[in-house]
Structure formats: structure tokens, C-alpha cells
Amino acid sequence: MYEKDKLLEAEYFYSRMIEEKNNVINFRYNLSAFLSASRSVLQYALKETKIKHGGEEWYNDKILKSPVLSFFRDRRDVNIHDEPIKPRTDCTVKIGAPIHISDWISVTIKNKDGAIIGKHESSNNPEVDLKHQKTEVSTEYKHSFIEWSGQEDIFTLSRMYLDEIDNLVKDGVGKKFLSAGK
């Protein structure tokens, strides 16, 4: 009944996670809100399917067959009932200085016996004042769940989760286990 509304809320917190990916604290707060909102979709679906013949079995089958749905259900439960989720965060700092490339040619002339009879070097190596060059620094964060066995980061995995929830809701509506309402 309220699945679509909560799915939109989860999408909102997903977008906030992306926007705050480089602010570890704000990212974690948005992840927590994402876990709660997205789990609410499934809780509303379960509540609604329980009153329909075959609905609860359909729901449980969907959850059990999906490693992603099961995983996120468990992550939310840990986050709410045991301890705040602490994802793994890898931070890469890139420090780049300007690179100067110069042209240089060396020509050695040898006779037929291999003796050097002439040598010429050409250089185009202007002096460069690196003190006034701007050094670029960038920081990149990658968040992942330690408990997830795959290679996906949190953003990829969360997108997969949202898509699976959306498919579950659409399938439930199509099978008349869920209402198409709100």
C-alpha cells in the first residue's frame, strides 16, 4: 500500500549517499536512512501479502531467492538492533605535480670501423619555474560492505537493491498480492 512512497524515500537517500560520498560521517547517516527507508518497502509488502492467499509464500520466496534482498534486510536489522553500520571506506589521495617533457636529440657519427668521428647533441630544454606551478590534489572515497562477498561497492549494490525492490513491488502488484496504491 505504501511501498511506492517508501521506495521514493529510499531513492532520495541513495542520491544523498552519492552526493555525500566524500564526507564519511554524512555518508554514513544517509546510508542508515537509506537502509531504513528501503527496508520499510519490504515490511509494508510483507504486511500486505500476509492477508492474501499465497502472498506470504510468494514474498518469502522472493526474499530467499535474492542474495541482495536478503543481504540488505540483514544489514538494516543490524543497523537498527545491534550497532550502527560501519562500511569499509578506502580513501585514495592523488597528488599531481606538473610534468615537463623536453625534446633532446643525440647524433653519433661512426666510421665503418665503429670509431666515433663526430657527435652532435641538440636540446630544447627551457628552464621551468616549478615553484609557481599548481599542484593538484584529489581525494576519492570508495565505500563497501565488509560482509558482502561480491566486488560491488555500496553504490552499485544499493542500486541493485533498489531495482530488485522495484521489481518485487511490480511483480506483487501484477500478481495482486500488493495494491497499486500510494
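The values are calculated or read from the model by the stated rules, or taken from the named source; none is laboratory data. Worth saying up front: this structure is predicted, and the values here are computed from it rather than measured. Here Cβ is always computed from backbone atoms with ideal geometry, including for glycine, and neighbour counts include all displayed protein chains.
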Hits in segment 2-28 (condition: farther than 21 Å from Val41 by Cβ, in contact (Cβ under 8 Å) with a residue 12 or more places away in the chain and not in a helix (DSSP H, G or I)): Lys21, Asn22
Hey, Lys134 modelled with pLDDT of 70 or more and not in a strand (DSSP E or B) or not: yes
Residues of segment 132-180 satisfying the condition of being hydrophobic (A, V, I, L, M, F, W, C), over 27 Å from the mean Cα position of the chain (by Cα) and surrounded by fewer than 15 Cβ atoms within 10 Å (Cβ to Cβ): Ala180
Flag for Ile51 being farther than 21 Å from Asp163 by Cα, β-branched (Val, Ile, Thr), part of a helix (DSSP H, G or I) and without any contact (Cβ under 8 Å) to a residue 12 or more places away in the chain: no
